[in-house]
Each structure stands twice: as structure tokens, then as C-alpha cells.
1. Can you tell me which residue among I234, I215, I196, I188 is open to solvent by 80 Å² or more (accessible area, probe 1.4 Å), of a type in the set (A, V, I, L, M, F, W, C) and in contact (Cβ under 8 Å) with a residue 60 or more places away in the chain?
2. Out of region 78-106, which residues are surrounded by fewer than 18 Cβ atoms within 10 Å (Cβ to Cβ) and touching a helix residue (DSSP H, G or I) at 6+ places or on another chain (Cβ under 9 Å)?
3. Take the residues in region 22-72 that are assigned to a helix (DSSP H, G or I) and among the acidic types (D, E); name whichever of them is nearest to E123 (Cα to Cα).
4. So for region 182-194 (the condition being of a type in the set (V, I, T), more than 20 Å from D46 (Cα to Cα) and assigned to a loop (DSSP other than H, G, I, E, B)), does at least one residue qualify?
5. Collect the residues in region 152-178 that are surrounded by 12 or more Cβ atoms within 10 Å (Cβ to Cβ) and of a type in the set (A, V, I, L, M), keeping them in residue-number order.
6. What are the residues in region 54-77 that are farther than 24 Å from S11 by Cα and open to solvent by less than 20 Å² (accessible area, probe 1.4 Å), if any?
7. Looking at D133 and the list (1) within 23 Å of Q186 (Cβ to Cβ); (2) open to solvent by 80 Å² or more (accessible area, probe 1.4 Å), which single condition is not satisfied?
8. Quickly run through region 156-181 and pick out the residues that are farther than 19 Å from S131 by Cβ and either in contact with a strand residue (DSSP E or B) (Cβ under 7 Å, 6 or more places away or on another chain) or part of a helix (DSSP H, G or I) (or both).
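The values are calculated or read from the model by the stated rules, or taken from the named source; none is laboratory data. All of these numbers come straight from a predicted model, not from anything done at the bench. Positions of Cβ are backbone-derived with ideal geometry, glycine not excepted, and every protein chain shown enters the neighbour counts. Areas reflect the complete protein model, heavy atoms only, side chains present, ligands, DNA and RNA absent. Shrake-Rupley method; radii C 1.70, N 1.55, O 1.52, S 1.80 Å.
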Amino acid sequence: MLLNTQQFNVSGTQPLVVLHGLFGAQDNWRSQALVWARDRRVITMDLRNHGLSDHHHSMDYASMAEDVHHTLGSLDLGLEKVDLLGHSMGGKVAIQFALNYPQKLRSLLVADIAPVPYEPRHEAILTGLNSIDLAQLKSRKQALDLLSAYEPDPRVCQFLLKSLYKNADGQFALRYNLVAIETNYQAISAAPSTEIRGAFEGPTLVIKGANSAYILPQHKTSFDAILPNTQLKIMTGC
């Protein structure tokens, strides 16, 4: 699948590719991409079933990594290797890409996710999103009120509804493919596959928010097994 992309400083070198997380989109990273683009080329991508990229019934990490590979092949990068940054679900896609296509990377950056399977964490959010009848929805505030009954953090609700828009028929719709996300939730929660290659030997930076439980001390073994050249940085107050 060819993904929707946005590029910054196209004439720059040392391209940095940025992958968003679950329920997100490439424009989540726009403000930071503009900062990075002062010094280099930056490419942000909408992963499948998100943003303006195509919808598809499957969402396993091998397929999503192949999407990134196919999209990079369509861009005018010459022989340059890229630095690849992925956050949350996008971090697992980035890890899968590093394992499958190590020759394409200078370095890997993984933000707030580990290469491990996770227990379900989004049941309330999925129920809340499904409680919104898009065909009958009258306003964004109405959607926010409905979702708030299931997700108490207003910042999370605002993030989830950032993808709410009106389509050509004037009806509310979501940019992300909620049906595919639900159907493939087990695959999204799974660890990246090591079937093709056992480890990525290149330099890897793992960034953890100090207040986040997505990366825990017991995950070090999993990182060491497939990303042996890893450095961990913890961001306090995050």
C-alpha cells in the first residue's frame, strides 16, 4: 500500500521518517517536523487505516512495515538511508521495518513502546467510539460528550476526535478505520515478528516517558534480544 505522506525540506539530506501511533495521523507530528526540518529532510506518514491513507481489512505489523517500505521506494531518496522514528503502534511498525529492511536504516528511534505483546488497553475507548452514531451526530461537542462517558481524560478524548470530520455528503465520519482497528486489535497488541530476521544491529534510541507504563524494566530482555545496540532515554514529567 502506498501511504499518504507529507514532506518538509525536500532538498535536505539525512531523511527522518516519522510514524504516528494508534488513532493518530501524520499531522500529529507537524509542529515537531517543522523544527527538525530546519536541518534535514523530514517525511511524516499516515499508516494504513489512519489519516488520508487507504483503508484495509488487515493491520499486522509485517503488512504495515511493507507499506512503509513501498512508500519510501516511491520517493526520490536516491541511495540515502533513513532515520526512522515511531511512536506507540508506529514504534512497533518501525521495529518491524528495522528487522525486515535493516539495509534501509541509519538508525531507529522508538518512542514509548516495547517489542512485546500487551494486554488489551483500549476497550473503553473502543466502546465509547462505537457509542457515537455518526449518521445521527449533530456536532463535535455531542461526540465529545458521548466519548467522555467512557474516557475521563479530556486530552485523550480531544485526540481521538481530532480525526472526526465531515465528508463530501456533509456527514460526520472518522479518518481512522474503526472496524479494522477492532478486528485487528489482537495483531496490533502483538509483538513485532522476528521470523524474517532475528535482530537489528544498528543504533537504536528508545525514548520513555517517566510517567508511562508502556516501557517497564522487565522489557529490557525483549529489547536486548532484537535491538542489541539500544540506548534508553527517560523524559521526566512526561
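1. I196
2. Result: K81, single match.
3. Once the filter is applied, the top-ranked residue is D27.
4. Within region 182-194 (the criterion being of a type in the set (V, I, T), more than 20 Å from D46 (Cα to Cα) and assigned to a loop (DSSP other than H, G, I, E, B)), the answer is yes, since at least one residue qualifies.
5. Hits for region 152-178 are V156, L160, L161, L164, A173, L174, L178.
6. M59, Y61, M64, A65
7. All conditions are met except number (1).
8. Selection gives K166, N167.
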